[in-house]
Amino acid sequence: MESPLIREAHLLEQGIRVLSGLLGPEWQVTQRPNKSKAFDALLEVRAEGDSTFTQLLVEATQAVPPRFVVERLVPKVQLLREVNHYTNLLVIAPWISSQARELLRQNGIGYLDLTGNVGIRVSRPAIVIHTVGAEKAPRSAPRESSRTTLAGPKAGRLVRLLADVPPPHRATDLHRTSALSLPYVSRLLDTLEDQLLIRRKGRIITDVDWFQLLHARARETSLLSHGSYRGVLAPNGVPAVLQEIPQLSTEYVDGLSVTGSYAAQRFVQVAVGGQLMLYVASWLNVDDVADELGLLPVTDGADVLLLNEPDSFVRKRAEFVDGVQYVAPSQAALDCLAGPGRMPAEGEALLEFMERQPDKWRALKNNSETRPVQH
């Protein structure tokens, strides 16, 4: 097994090779003796035949969580600029998330990852490089914190709780409310803190960036993953399906919940119509649901999608409107952001509405477990 030092040396070598390739043969990238132990390398970059050059102090690291940028790299670059305004900092990593890249850009720190995300801006000599690589971490890339990620139903539970219920929170409270193990909750909270999605004072979560938290969760999920849904056709149109649902038996009414475009359109109107997406609870059979609603199986042109409910928590804080159950706005936003076609745009519009009017969807701290209300 490679030691961290060997891994960083290999990473540095790969990063220099990528940088040289991007600059082209007219440029020289030379590694100079590095007297400072505060950085991993000192690079000199100059155009061929030009006496002007720039120095890049390199931080080669296996992971770049946003918290690392704010707490470690920003103070370094601020001190660096006090000493020499023309020396620049470059971060090289296997992969850098979009949130970390944005923080690096805001603070004038160059970055290069091995998937092709590169952002370098130097004033003398003039160098501007911006390329886009992977938006999701490759499987081979080291995790930014622990192995606990925002993927999977368990993470979805915690994300919904943190988004829907304003802080303060304790890990023990989240553990009890979500029915997740306390070690799992603690690990995921560590990950969220590294990504600056939550802030803690001691053991108390004092702030939640729910807007970015929902984005981060959506990037780790796919609403229409393979085998998770069935496409059907409504012979009399989608409005007829919505009128039919309240006429079904209680087990069907309680077990079907609208998500996606139709759930978002309760609050924002990006476009009219779209596919009706219904979560089907675990106690229901998808074929039986289709029969009860008179829906026809099709291979193309489905206007109704029956989604196998990944976790009962997707119905948390759902609301009944005219006898039809709709998922909570936070769940609808997540599903739209992780959906196909125009759905991400609908998710963004819904998030903007939620940001403007938090009182329309966020729970009161002492009323976070309210049952759905029949309207």
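The values are calculated or read from the model by the stated rules, or taken from the named source; none is laboratory data. Note that the structure is a prediction, hence the values are computed from the model and not measured. As a convention, Cβ positions derive from the backbone with ideal geometry for all residues, glycine included, and neighbour counts pool all protein chains shown. These accessible areas exclude ligands, DNA and RNA; they are computed on the full protein's heavy atoms, side chains included. Shrake-Rupley method; radii C 1.70, N 1.55, O 1.52, S 1.80 Å.
Restricting attention to region 319-333, which residues are open to solvent by 50 Å² or more (accessible area, probe 1.4 Å) and in contact (Cβ under 8 Å) with a residue 60 or more places away in the chain? Before you say what the answer is, go through the steps one by one.
We begin by selecting, within region 319-333, every residue open to solvent by 50 Å² or more (accessible area, probe 1.4 Å); these are 319, 322.
Passing the criteria: only Asp322.
Give me a count of the residues in region 272-318 that are surrounded by fewer than 13 Cβ atoms within 10 Å (Cβ to Cβ) and either within 30 Å of Arg362 (Cβ to Cβ) or among the small types (Gly, Ala, Ser) (or both).
Count: 5.
Let's see how each residue does on (1) hydroxyl-bearing (Ser, Thr, Tyr); (2) open to solvent by 50 Å² or more (accessible area, probe 1.4 Å):
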{"site": "Leu12", "(1), (2)": "no, no"}
{"site": "Arg17", "(1), (2)": "no, yes"}
{"site": "Trp27", "(1), (2)": "no, yes"}
{"site": "Glu48", "(1), (2)": "no, yes"}
{"site": "Thr54", "(1), (2)": "yes, no"}
{"site": "Pro65", "(1), (2)": "no, no"}
{"site": "Phe68", "(1), (2)": "no, no"}
{"site": "Glu71", "(1), (2)": "no, yes"}
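Restricting attention to region 271-316, report how many residues are out of contact with any Lys or Arg (no Cβ under 8 Å at 6 or more places or on another chain) and either among the hydroxyl-bearing types (Ser, Thr, Tyr) or part of a loop (DSSP other than H, G, I, E, B) (or both).
Number satisfying all stated conditions: 18.
Of the residues Gln14, Gln62, which is within 30 Å of Leu197 (Cα to Cα), of a type in the set (S, T, N, Q) and at pLDDT 90 or above? Give the steps one after another, and end with the answer.
Numbers: Gln14 fails: within 30 Å of Leu197 (Cα to Cα).
Exactly one residue qualifies, and that residue is Gln62.
Looking at the structure I just gave you, is Arg230 open to solvent by 40 Å² or more (accessible area, probe 1.4 Å), farther than 23 Å from Leu334 by Cβ, over 17 Å from the mean Cα position of the chain (by Cα) and modelled with pLDDT under 95? Quick ask: steps written out before the conclusion?
Values: open to solvent by 40 Å² or more (accessible area, probe 1.4 Å): yes; farther than 23 Å from Leu334 by Cβ: no; over 17 Å from the mean Cα position of the chain (by Cα): yes; modelled with pLDDT under 95: yes.
It is false that Arg230 is open to solvent by 40 Å² or more (accessible area, probe 1.4 Å), farther than 23 Å from Leu334 by Cβ, over 17 Å from the mean Cα position of the chain (by Cα) and modelled with pLDDT under 95.
Here is a list of conditions, (1) within 15 Å of Gln195 (Cβ to Cβ); (2) modelled with pLDDT of 90 or more, and Val132 meets all of them except one; can you say which number that is?
The failed condition is (1).
In the set Gly260, Gly255, which member is closer than 17 Å to Glu309 by Cβ and in contact with a Cys (Cβ under 7 Å, 6 or more places away or on another chain)?
Gly260
Read through the list (1) over 22 Å from Thr177 (Cβ atoms); (2) within 27 Å of the chain's Cα centre (by Cα); (3) of a type in the set (Val, Ile, Thr), then give the number of the only condition that Thr259 fails.
All conditions pass for Thr259, except number (1).
Could you tell me how many of the residues in region 2-61 are among the aromatic types (Phe, Trp, Tyr) and within 18 Å of Asn84 (Cβ to Cβ)?
Final tally of qualifying residues: 2.
If you check Val238 against the conditions, is it in contact (Cβ under 8 Å) with a residue 60 or more places away in the chain and open to solvent by 40 Å² or more (accessible area, probe 1.4 Å)? Even if it seems obvious, please write down each step before you answer.
Values: in contact (Cβ under 8 Å) with a residue 60 or more places away in the chain: yes; open to solvent by 40 Å² or more (accessible area, probe 1.4 Å): no.
In short, no.
Return a yes/no flag: does region 204-215 have any residue that is open to solvent by 40 Å² or more (accessible area, probe 1.4 Å), in contact with a strand residue (DSSP E or B) (Cβ under 9 Å, 6 or more places away or on another chain) and over 25 Å from His175 (Cα atoms).
no
So how many residues does region 248-270 have that are open to solvent by 50 Å² or more (accessible area, probe 1.4 Å), touching a residue at least 40 places away in the same chain (Cβ under 8 Å) and either assigned to a helix (DSSP H, G or I) or on the phi > 0 side of the Ramachandran plot (or both)?
Qualifying residue count, region 248-270: 1.
Limited to region 75-120, what total is found for residues that are open to solvent by 40 Å² or more (accessible area, probe 1.4 Å) and assigned to a helix (DSSP H, G or I)?
Residues flagged as open to solvent by 40 Å² or more (accessible area, probe 1.4 Å) and assigned to a helix (DSSP H, G or I) within region 75-120 amount to 11.
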